[in-house]
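The values are calculated or read from the model by the stated rules, or taken from the named source; none is laboratory data. As the structure is a computational prediction, the values presented were derived from the model and not from experiment. With ideal geometry, Cβ positions are generated from the backbone for all residues, glycine too; neighbour counts draw on all protein chains shown.
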């Protein structure tokens with residue numbers, strides 16, 4: 001098939017590479033415009049743009065897919081469009097530009113967790129089974145007919161960043177099987193079944209951790225908001241970002257700190273919670289670089305109250 005690909009972040013690159021290796025022909029790539037990166041705000045191509053350039057693929061950069069982008073796709077004479085985390089909506093007539101329309105790799109088992117942040121919201125809810133679904137793109141949000149789906153289990157405390165990287169590679173097989181299904185039957189696809197749930201985009205406020213919750217719930221919330229927007233608590237009225245945490249091992253003889261109190265225990269920074277404790281492996285105080293949690297705590301006399 002002649003395929004046009006739309007994607008932007010690093011998690012879309014494995015699917016682009018898989019399509020290039022599958023025997024299909026990628027005739028063009030759509031990605032978002034170069035964006036400022038880093039403290040110096042240097043305009044930088046998206047990971048997908050960089051991968052397309054390296055492969056010599058024709059590329060169209062746009063943050064909104066209007067008439068110009070649609071005309072560009074129509075000129076490619078593509079059989080199918082494939083979307084993986086492009087970061088914008090596709091509407092008619094773009095949806096009808098490829099002969100067979102568009103399919104989308106979504107990182108949940110639809111109709112569960114439709115929307116912008118499915119992996120993050122699933123992890124925040126304490127879920128360890130994470131899915132991928134390839135479905136036919138329609139005007140309604142993540143509501144099209146399903147072609148393929150898969151799922152895997154991740155350990156508690158797996159961050160959203162790590163989970164997305166894992167799913168990005170895992171999902172390429174589902175994409176290839178979906179294309180095969182459309183080759184055999186251009187009308188392939190089954191309606192989604194079940195109650196839809198929605199995964200809205202995360203805000204900075206979503207990163208605030210509630211230390212009054214059980215340890216498993218705090219760890220799950222931290223996992224879902226890491227690396228972005230980042231899980232944080234407050235110390236002396238200032239945010240303290242928890243960059244890396246882990247379940248602290250039980251030490252019945254020593255006990256654990258009171259809920260909300262962090263103490264040095266055997267050289268580790270241990271934060272007490274209602275029914276357990278977390279080890280603060282790396283933290284970032286406001287306006288300062290990332291440092292080891294134990295080093296930060298030593299600078300506070302070996303103990304600190306967090307909220």
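Here's the yes/no breakdown for (1) outside any loop (DSSP other than H, G, I, E, B); (2) in contact with a helix residue (DSSP H, G or I) (Cβ under 7 Å, 6 or more places away or on another chain); (3) crowded, with 16+ Cβ neighbours inside 10 Å; (4) assigned by TED's automatic domain parsing to the domain that holds residue 114:
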residue: 148; (1), (2), (3), (4): yes, yes, yes, yes
residue: 152; (1), (2), (3), (4): yes, yes, no, yes
residue: 158; (1), (2), (3), (4): no, yes, yes, yes
residue: 163; (1), (2), (3), (4): yes, yes, yes, yes
residue: 169; (1), (2), (3), (4): yes, yes, no, yes
residue: 175; (1), (2), (3), (4): yes, yes, yes, yes
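Just wondering, is there one or more residues in region 295-307 that are closer than 22 Å to residue 216 by Cα, outside any strand (DSSP E or B) and touching a strand residue (DSSP E or B) at 6+ places or on another chain (Cβ under 8 Å)? Yes, region 295-307 has at least one match.
In region 35-65, which residues are assigned to a loop (DSSP other than H, G, I, E, B), more than 20 Å from the chain's Cα centre (by Cα) and on the phi < 0 side of the Ramachandran plot? Of everything in region 35-65, those that are assigned to a loop (DSSP other than H, G, I, E, B), more than 20 Å from the chain's Cα centre (by Cα) and on the phi < 0 side of the Ramachandran plot turn out to be 39, 40, 57, 58, 62, 64, 65. Residue selection: residue 249 fails the criterion of being crowded, with 18+ Cβ neighbours inside 10 Å and modelled with pLDDT under 95. Name the residue that is surrounded by the most Cβ atoms within 10 Å (Cβ to Cβ), counting only residues in region 55-78 that are within 11 Å of residue 26 (Cβ to Cβ) and in contact with a strand residue (DSSP E or B) (Cβ under 7 Å, 6 or more places away or on another chain). Taking the candidates together, the pick is 78. Looking only at region 1-54, residues that are crowded, with 22+ Cβ neighbours inside 10 Å and modelled with pLDDT under 95 come to 0 in all.
Is it fair to say residue 228 is under 18 Å from residue 119 (Cα atoms), assigned to a loop (DSSP other than H, G, I, E, B), in contact (Cβ under 8 Å) with a residue 12 or more places away in the chain and assigned by TED's automatic domain parsing to the domain that holds residue 277? Against the criterion (under 18 Å from residue 119 (Cα atoms), assigned to a loop (DSSP other than H, G, I, E, B), in contact (Cβ under 8 Å) with a residue 12 or more places away in the chain and assigned by TED's automatic domain parsing to the domain that holds residue 277), residue 228 qualifies.
Summed over region 99-138, residues that are more than 17 Å from residue 163 (Cα to Cα) and in contact with a helix residue (DSSP H, G or I) (Cβ under 7 Å, 6 or more places away or on another chain) total 6. Every condition in (1) surrounded by fewer than 19 Cβ atoms within 10 Å (Cβ to Cβ); (2) in a helix (DSSP H, G or I) is met by residue 212 except one, and the failing one is (2).
Evaluate region 268-286: report whether one residue or more is free of Cβ contacts under 8 Å to residues at least 12 places away in the same chain, over 30 Å from residue 116 (Cβ atoms) and either outside the structural domain of residue 165 (by TED's automatic domain parsing) or part of a loop (DSSP other than H, G, I, E, B) (or both). The answer is no; no qualifying residue exists. Looking only at region 114-140, which residues are assigned to a loop (DSSP other than H, G, I, E, B) and either out of contact with any strand residue (DSSP E or B) (no Cβ under 6 Å at 6 or more places or on another chain) or touching a residue at least 40 places away in the same chain (Cβ under 8 Å) (or both)? Result: 116, 117, 125, 126, 127, 137, 138, 139, 140.
The residues of region 265-284 that are farther than 9 Å from residue 242 by Cα and in contact with a strand residue (DSSP E or B) (Cβ under 6 Å, 6 or more places away or on another chain), listed by number, are 268, 269, 270, 271, 272, 277, 278, 279.
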